[in-house]
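The structure appears right after this line, and notes come after that.
The values are calculated or read from the model by the stated rules, or taken from the named source; none is laboratory data. As the structure is a prediction and not an experimental result, all values here were calculated from the model. Here the Cβ positions follow ideal geometry from the backbone for every residue, glycine too, while neighbour counts run over all protein chains shown. Just the protein is used for accessible areas: all its heavy atoms, side chains included, with ligands, DNA and RNA removed. Shrake-Rupley method; radii C 1.70, N 1.55, O 1.52, S 1.80 Å.
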Amino acid sequence: MTSPVSTPSQAPDATPPAASAPAAASINLRSQLGTYIGLALVLCGMVALFSSLSDYFLTVETFVTIANEIPALAVMAVGMTFVLIIAGIDLSVGSVLALSAAVTAAAIVQWKLAVPLAAALGLATGLLCGAITGAVAVAWRLPTFIVSLGMLEAVRGGAYLVTESRTQYVGDAIAGLAAPWVGGISAAFVLALAIVAVGQLLLTRTVFGRYVVGIGTNEEAMRLAGVDPRPIRVIVFAATGLLAGLAGLMQAARLEAADPNSGVGIELQVIAAVVIGGTSLMGGRGSVVNTFFGVLIIAVLEAGLAQVGASEPSKRIITGAVIVAAVIIDTLRQRRAGTA
Amino acid sequence: MTSPVSTPSQAPDATPPAASAPAAASINLRSQLGTYIGLALVLCGMVALFSSLSDYFLTVETFVTIANEIPALAVMAVGMTFVLIIAGIDLSVGSVLALSAAVTAAAIVQWKLAVPLAAALGLATGLLCGAITGAVAVAWRLPTFIVSLGMLEAVRGGAYLVTESRTQYVGDAIAGLAAPWVGGISAAFVLALAIVAVGQLLLTRTVFGRYVVGIGTNEEAMRLAGVDPRPIRVIVFAATGLLAGLAGLMQAARLEAADPNSGVGIELQVIAAVVIGGTSLMGGRGSVVNTFFGVLIIAVLEAGLAQVGASEPSKRIITGAVIVAAVIIDTLRQRRAGTA
Amino acid sequence: QDKPKVALVMKSLANEFFRTMEDGAKAHQKAHASQYTLIANGIKDETDTAAQIKMVEQMVAQKINALVIAPADSKALVPVVKAAIDKGILVVNIDNQLDAAALKEKNITVPFVGPDNRAGARLVGDELARTLKAGDKVGIIEGVSTTFNAQQRTLGFQDAMKAAGVTVVGVQSGQWEIDKGNTVAAGMLREHPDLKALLAGNDSMALGAVAAVKAAGKTGKVQVVGYDNIGAIKPMLADGRVLATADQFAAKQAVFGIETALTALADKTPQASMPAVIKTDVVLVTKTSK
Amino acid sequence: MADTAADAPAGAELLSLQDIGKDYAAPVLDGVSLALRPGEVLALTGENGAGKSTLSKIVCGLVVPTRGRMTLAGAPFGPGSRREAERQGVRMVMQELGLVPTLSVAENLLLDRLPQRAGWLRRGELHALATRQLEKIGMQHIDPATPVARLGIGQQQMVEIARNLQDHTRVLVLDEPTAMLTPRETAHLFEQIALLKARGVGIVYVSHRLEELQRIADRVAVLRDGRLVDVRAMAGVRESELVERMVGRAVHEHEGRPRRPAGPVLLSARGLGRAQAVRDVDLSLHAGEVMGLAGLVGSGRTELVRLLFGADPADRGEITLSGKARRFRSPMQAIRAGIGLVTEDRKSQGLLLPQSIRVNATLSDLGAVARGGWLRAGKERGIARRLVQTLRIRSRSEEQPVATLSGGNQQKVVFARWLHRECDVLLLDEPTRGVDVGARADLYAELDRMADAGKALLMVSSDLRELMAMCDRIGVMRAGRLVATFERGAWSEQSLLAAAFGDPRTSSPDP
Ligand SMILES: Nc1ncnc2c1ncn2[C@@H]1O[C@H](COP(=O)(O)OP(=O)(O)OP(=O)(O)O)[C@@H](O)[C@H]1O
Ligand SMILES: Nc1ncnc2c1ncn2[C@@H]1O[C@H](COP(=O)(O)OP(=O)(O)OP(=O)(O)O)[C@@H](O)[C@H]1O
Ligand SMILES: O[C@@H]1[C@H](O)[C@H](O)CO[C@H]1O
Ligand SMILES: [Mg+2]
Ligand SMILES: [Mg+2]
């Protein structure tokens, strides 16, 4: 049943034929800002809460720490945003992260390669893993859920192989990525921000982004409009693999070690961040900037709970409740504004 | 100039222009049997392989062991089949399993309740968790992925709370469920088989089952036809919660203890079993019997790899490859048969 | 001609600790190939009890003669161990001790070959305490809280701190993992700017703690200790970022377990009359230890 | 608006609407008052977006009106849901299909009242009931256990109609029921309508096919911009009059035009085939001509154009484009070679429904609105705006989501895409389905312009009059074969139908 929709904005400068039609750009901008507000509110609420619980939460130090903890999650979430928009899912990011870090560490420590070369090798590994997931799914027209689940297992096995199931100590060879820069902020954080910005532009301003959204909305229609969805799918997964690889480097740089167990279960955290950011799991709709808000919410929650020393049970219960609540608040706000 | 006219067709007038429709029943039966064959082949291939690698694989004992290991996975997979058909997903089953087991154990050990009552309490806990997932998703029209992800966290926290993060030893009070019966087969296995059968009948032979398929395919059409999808969604999730609770009891009966960490990550295994069984993640299509084949494939793989003592990396790599390969084989076979 | 078949069932083979154990066992088997055959298995993480039970059942189906097990859970593995014993399989417990009460209820005895985790943690704690003074604040990062040895190590750390009059401001779980250990350590450092040390239940979490200390710009001001003496910790011991750890000789634990089982098989010692505990070593490791 | 009661059949009012209005962002219906009598067929017509479907949905409880009242047999009537309307005997066949493809024909037919005992389906009864229902519309040859997904779109429409032919129906609203039907099915439907009339059912019949209205309607109501501009007895109304009322201007018809001069062969097929759906089709399409494809539902027309477009792989045969043998493995290759396809099913194969008109219209050639992969927003908006104007797509702006456009306007958006990307050969599969007369004329004018510019057009349509008006040649398909091709002047409605049905008396004219 078509329920009467609340009248959207009566912007004054109506030009075209029927009814009030605000210029497209202004619609987009306003509804975009609108979406940010919902998530920003959730975030502020959380910061306020933790500040009241801990004397040291509302300090520059806390925020610098959080800023330096999120790059890995953030870059993976950018990739995952594209994956979800294209109506896919990638469960293998955590394993890819571990393998890329492992390859980089092995390249430095065992094969004695130069650091840039080793890093490139790690990134290439991630790219390859993602490309395989995409290509297998495309070639046999399989659900990406199951292909990436297979990759989750297989790539983790690969990480064990490369490290011989031992945490590889790398030392500060690649620590530069995580080292504090201006005001304690690391290069990794700046890089992550740049990737968020590029991701958003790519999604909204390029032909590629248009294709991604279209394929996620109605693949058959895109095919019949002359767009071959297959290479685009593969590219999206390959890019996500690359970003997971980058996350692996960031992780290794921070910990100065490559742990074959790192990133276990992180795929759900990444997807949660993306979905909290309002991206649809059904494809066709999403925003990289909002994903970044989702990442912030998750990071602040984790940091805050650890800082106030919440017990393990209450950590889990609160995390679960916040994930659902964030999505509810955001959804309600969007519905009220008529954008969802 | 114009194309030569081909000979007037000798189409017998009796046949309608539409697709010639052989008796439906025979189509259904054939395509059903057809689907089983693909998965059965994969299964046989695996059994043959492991038998050649280990002297003791092809023994009654191995199969009895496998039979007694799968009930928990099987009953959760039955619920998950319905969830996927209705175009949902439930990531919380592993946590619900742990909480139900924990509640049952606490009821027996701490609150000194009678065993049947304690078991009922455990099952009710599962039902309630599932119902909450379903109801929250329905009430705010949220994706079940995110709601059940929230529940995954929160319910796990609940399991820690109830057990105080310690494994609760129950003893053989509820061991009966897992105790060997005729030929070493446990009551749990028989129960699981019965649930598979009931699930399949429910799906194919009842009004409820038809509604589930309809809602998963085209919710709007169902709504327009006067079927309210909301209670049906809630029931499907509640039932899945109940079955996860039952899996918790089965697990507890086997362990004679409730481990608050049990079932971590099992949701992916359950979903893998269902998808290997050919159920679509997009909703609208699936079969409980095929899901059972998926469960068998996963169980045989796990058992076989353990018996041959495969190394951890190779276990992971092989598991990943088999998951993808099983789905590829099944998909190709179905496509050739024109059923997909 | 029928060599006895021994199964070694461990926890996460992705943990260096168990990899070392597995390598030790395999090397031992190679050296004594004429005496027995070995099947080594692990599970995918430290906590998947159900999977470990399945593993034991599969080993029973393989008609093994002896089982050497590092249980993922001290209580939940008892029923399946009993089932194995009932089938005439000789069982030896290593690394993490099975729950005494549960064994008693099942009326079985299983010899434990392994170290005293509480004592080991105490050694590490005492070493740390020498650099602290009464009233200093420290935090403990615990392993998976449901495991007996994690609980024991936390107790050992607490014993040492109490003896030195040092205040433990918090115990949080880092799940035996580097990432989680890092997050928890970072939180503790922010909440307690005057924290003097972090005591981690294993070396993976200690690595995470070291990174957190560095990120907070407190290298050298906050001490870190660990447990296990894995390879990756050695450079940190060398440059002082980690003060101490404990070595519990993973490889030897498995070998002792296997040898205990082989001897009992050869002597036809019944399960019931095997010794209850065979202690293995745990030693303190610092920069200066060899 | 005044109801010219004098011309209407006698009888009490069955359904009456008073001053009905509906606002979305803007009003789409305003002050509509109308009465329906038992046993009459009231035709409802008007341009795309005039508000016909909205009005129909209000009657059937799918949309709640902003203003106004309704009565049913004298009693106040304000259904809050479709179910409620159905309980009172008011049913609707919707313009867009509302079937569940994974369920069987029988299950779809009886979705709201599946025969059961304690929740268990009674399959025997289900199939018996369904068969009876199918018989009513001459579809008894379809096995009720067939999944709906296996039916062609026309057959699906018939199932949708059958679902609403219920015994206790008092008012039946049919929203463009024949848009996807061929003459034979249409005839079955009309028989049913006659029976319902005789039983005193009041029927509201929405259609753009004016000749149909003349065959079955008693009265006709014309909507323009959400207002009722005319209600009168059907008898004696000339089509051109109706069209003027609807559109507010005169519309030219093409009947009797000469054949366009045909240029060289652009696209040709030899022995083209795919499974049973298309068999041994030989065809050549010339520059500057419009060729039609007629045939019954399921005769293989859609399959044929999809083969030519590379949307499905051909099993056999070859395709030649501008003298060069080509093998298209994907639509992308066909499009690069200069072929376009306006798809049959706009919802599932044509449109990105949640996206704007702009996004949908420029989709086939984003290169034209991009530089170096970056979209040029201003240029794109300009192009979209121009397309909206050219095709008179009724919308708030080019940013309106396509999902909220009326059916006919959605169809225009699909067409707009291929105006945006110029191609040498344009295949059109039922391009005017659901498009009003005025807009059709616009569309025909565009097709004319394209033909004049030397493009080759192949148009599938189930509307013979349209084909006869527009085409230079008409091919007829039957059971996957191209059984006859008629030159302009050499055809008649009779001969086309006969070829489509396989009447042995027809001998196809020689080329
Ligand atoms: N949910 C909606 N939101 C906004 N506008 C709507 C909505 N539904 C319909 N409209 C607008 O209402 C107007 C009338 O639409 P309606 O579908 O009733 O037209 P119609 O006469 O049936 O046209 P057609 O002949 O193309 O089917 C159109 O301009 C359409 O865009
Ligand atoms: N997916 C399918 N599976 C089986 N048969 C099909 C399928 N699609 C089409 N067919 C059959 O192929 C034949 C040709 O169908 P097609 O849709 O091309 O005909 P059409 O003349 O365009 O009819 P319509 O007006 O329904 O589109 C029909 O017999 C149809 O039933
Ligand atoms: O003793 C071991 C190790 O210390 C390991 O790091 C985790 O599992 C425990 O059982
Ligand atoms: Mg309409
Ligand atoms: Mg067609």
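The portion of the accessible surface of segment D:15-247 made up by carbon and sulfur, rounded to a whole percent, is 50 (1.4 Å probe; DNA, RNA and ligands excluded).
Using a probe of 1.4 angstrom and keeping all protein chains present, the accessible surface of the protein assembly as shown works out to 35 square angstrom per residue. With the highest mean first, a sort of the peptides A:151-163, A:190-202 on other beta-carbon atoms found within 10 angstrom per residue produces A:151-163, A:190-202.
For the residue pairs C:LYS162/C:LYS252; C:LYS5/C:LYS268; C:LYS218/C:LYS252, alpha carbon separations beyond 25 Å are given by C:LYS162/C:LYS252; C:LYS218/C:LYS252.
Summing both sides, the accessible surface hidden between A and B at a 1.4 Å probe radius is close to 3600 Å².
Where is the GNM fluctuation largest for chain C (alpha-carbon springs, 10 angstrom cutoff): C:ASP95, C:ASP116, C:ASP23? Per the Cα network of chain C with a 10 Å cutoff, C:ASP23 tops the list.
Across C:GLY24, C:GLY231, C:GLY120, mean-square fluctuation computed from a Gaussian network of chain C (C-alpha pairs under 10 Å connected) peaks at C:GLY231.
Semi-axes of the equivalent ellipsoid for the protein assembly as shown, computed as √(5λ) from the eigenvalues of its C-alpha gyration tensor and ordered from largest down, come to 66, 34, 31 Å. Mean partner shielding of peptide A:272-278, defined as the number of other chain Cβ atoms within 10 Å of each residue Cβ, is 2. Separation of the alpha carbons by more than 32 angstrom is noted, of C:LYS44/C:LYS137; C:LYS44/C:LYS234; C:LYS234/C:LYS279; C:LYS44/C:LYS279; D:LYS136/D:LYS412, for C:LYS44/C:LYS137; D:LYS136/D:LYS412. Considering only alpha-carbon pairs that sit under 8 angstrom and 6 or more positions apart, the relative contact order computed for chain A is 32 percent. Solvent-accessible area of D:HIS188, all protein chains in place: 50 Å² (probe radius 1.4 Å, heavy atoms, ligands and nucleic acids excluded). Beta bridges per DSSP, both residues in segment D:15-247: antiparallel share near 55 percent. Is any residue of segment D:442-480 close enough, with backbone N under 17 Å, to a label point placed 7 angstrom from the Cα of D:ARG326 along the Cα-Cβ axis, and if so, which? So the set is D:454-459.
When accessible surface is computed with a 1.4 Å probe, chains B and D are found to bury approximately 3500 Å² between them, both chains counted. Assuming charge only on the beta carbon of Lys and Arg (+1) and of Asp and Glu (-1), the dipole of the protein assembly as shown about its Cα centre is about 900 debye to the nearest 20. Restricting the calculation to Cα atoms, every distinct pair contributes to the Kirkwood radius of segment D:15-247, found to be 18.3 Å.
Legend: mean number of C-beta atoms from other chains within 10 angstrom of residue C-beta atoms, peptide D:480-491, equals 3.
Buried accessible surface for the A/C chain pair comes to about 2700 Å², total over both chains, computed with a 1.4 Å probe. Accessible-area loss of 10 Å² or more (1.4 Å probe, protein heavy atoms, chain alone versus all protein chains) is found in segment D:24-70 for D:TYR24, D:ALA25, D:ALA26, D:LEU62, D:VAL63, D:VAL64. Coordinate range of the alpha-carbon atoms in chain B per principal axis, descending: 90, 56, 37 Å. Charged side chains reduced to their Cβ positions (Lys and Arg at +1, Asp and Glu at -1) give chain C a dipole of some 280 debye around its Cα centre. Computed from the Cβ-Cβ distance with R0 of 56 Å, the FRET efficiency linking D:HIS141 to D:ALA26 stands at 0.75.
Taking A:THR279, A:THR204, A:THR240 in turn, the Gaussian network model of chain A (Cα-Cα springs below 10 Å) assigns the largest fluctuation to A:THR204. Give me the percent of the accessible area of segment B:41-339 that comes from carbon and sulfur atoms, probe 1.4 Å, all protein chains in place. Of all accessible area on segment B:41-339, carbon and sulfur atoms account for 70 percent. Charging the Cβ of each Asp and Glu at -1 and of each Lys and Arg at +1, and nothing else, the dipole of segment B:298-340 about its Cα centre rounds to 220 debye.
Need one number: % antiparallel among DSSP beta bridges in the protein assembly as shown, to the nearest 5.
45 percent
Mean per-residue shielding of peptide D:321-334 is 2, counting Cβ atoms of other chains within 10 Å of each Cβ. The antiparallel fraction among DSSP beta bridges confined to chain D stands at about 55%. Shape summary of chain D, radius of gyration then Dmax from alpha carbon positions: 23.3, 70 Å. Placing unit charges on each Cβ (+1 for Lys and Arg, -1 for Asp and Glu) gives chain C a dipole about its Cα centre, and among C:LEU199, C:MET236, C:ILE140 the Cα reaching farthest toward its positive end belongs to C:MET236.
Among the residues of segment C:75-102, those with an accessible-area drop of 10 Å² or more from chain alone to full protein complex, heavy atoms and 1.4 Å probe, are C:LYS75, C:ALA76, C:PRO79, C:LYS87, C:ALA102.
Carbon-plus-sulfur accessible fraction, segment D:351-422 (probe radius 1.4 Å, protein heavy atoms only): 48%.
Along the Cα-to-Cβ line of B:ALA40, 7 Å from the Cα, sits a label point; which residues in segment B:277-291 have backbone N less than 18 Å from it? Counting backbone N atoms under 18 Å from the label point, the list is B:277-278, B:287-291. Per residue, the average separation of C-alpha pairs within less than 8 Å and at least 6 apart gives segment A:235-312 a relative contact order of 19 percent.
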